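Student: What follows is a single structure, and I will ask about it in a moment.
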Amino acid sequence: GSEVTVNESRVDADSEVAATVLWDLLVSRPAIANISHKVMPTCGQHLAFIDGRPYSVWYLIEVPSCGFVGAIYLTHDDEIGLGILEPWQHQGHGAEALRKLIALHPRPRYLAHVAPANLPGQSFWLKQGFKSLMVTYELSQ
């Protein structure tokens, strides 16, 4: 509920806490949820990615009674990425973080990309009022 904070925990490349939480999210993500990578990056690649500040805004999600439970970001193209660590999923933290991100960064529209096999992810975004927009196909050679 309202105890979720996103605005006080902006991701900082020099933050060991941020690097650890984001690494934990990355390694615990099920393969069905991956879109951007097919091979797990090394820890060094992960730190370089964070250091590159790839998103418009990027926050850790903190719940006082639990600690850091995940992260949420907004790209320069108004795409939202959201990850909640497994022990804290299905408790409303993601939905609350999403509401707070939208309140902090109003845009005419937002997008969320979800892998085709990630049915829980698709269900989450639909429950938040997002509509299915397209299906994208890739041919890798």
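Student: Using +1 on the beta carbon of Lys and Arg, -1 on that of Asp and Glu, and nothing else charged, what's the dipole of the chain about the Cα centre, debye to 20?
Tutor: 540
Student: By the gyration tensor of its Cα atoms, with a ≥ b ≥ c the square roots of the eigenvalues, what is the shape of region 21-141: rounded for a/c under 1.5, prolate for a/b over b/c, or oblate?
Tutor: It is rounded, given that a/c, with a ≥ b ≥ c, falls under 1.5.
Student: Right, another one. In deg cm²/dmol and to the nearest 500, what is the mean residue ellipticity at 222 nm of the chain if only DSSP H runs of at least 4 residues count, each as -39500 (n - 2.57), divided by the residue total?
Tutor: Helices in the chain give a 222 nm mean residue ellipticity of -9000 deg cm²/dmol.
Student: Also, I was wondering about something else. What does the extension gain come out to for VAL39 and THR136, with contour length at 0.36 nm per residue minus their alpha carbon separation?
Tutor: My answer for the length gained is 32.9 nm.
Student: Which of the lysines could a cross-linker bridge to LYS100, judged by Cα under 26 Å and excluding same-chain residues fewer than eight apart?
Tutor: LYS127, LYS131
Student: Which value, in Å², gives the accessible area per residue of the chain when a 1.4 Å probe is used on the protein heavy atoms?
Tutor: Ligands and nucleic acids excluded, the result is 63 Å² per residue.
Student: Quickly work out the ARG107-to-GLN128 label distance, labels modelled 7 Å from Cα along the C-beta direction, and quote it in nm with one decimal.
Tutor: 1.1
Student: Could you work out how far apart the two model spin labels at ALA48 and GLU86 are, taking each label as a point 7 Å from the Cα in the direction of the beta carbon, and quote it in nm?
Tutor: Reported label-point gap for ALA48 and GLU86 is 2.9 nm.
Student: Leaving ligands, DNA and RNA out of it, report the carbon-plus-sulfur percent of the accessible area of the chain at a 1.4 Å probe.
Tutor: 55
The values are calculated or read from the model by the stated rules, or taken from the named source; none is laboratory data. All values derive from a computational prediction rather than experimental measurement. Reconstructed Cβ throughout: ideal geometry from the backbone, glycine too, with neighbour counts over all protein chains shown. These area figures cover heavy atoms from the full protein model, side chains too; ligands, DNA and RNA do not enter into them. Shrake-Rupley method; radii C 1.70, N 1.55, O 1.52, S 1.80 Å.
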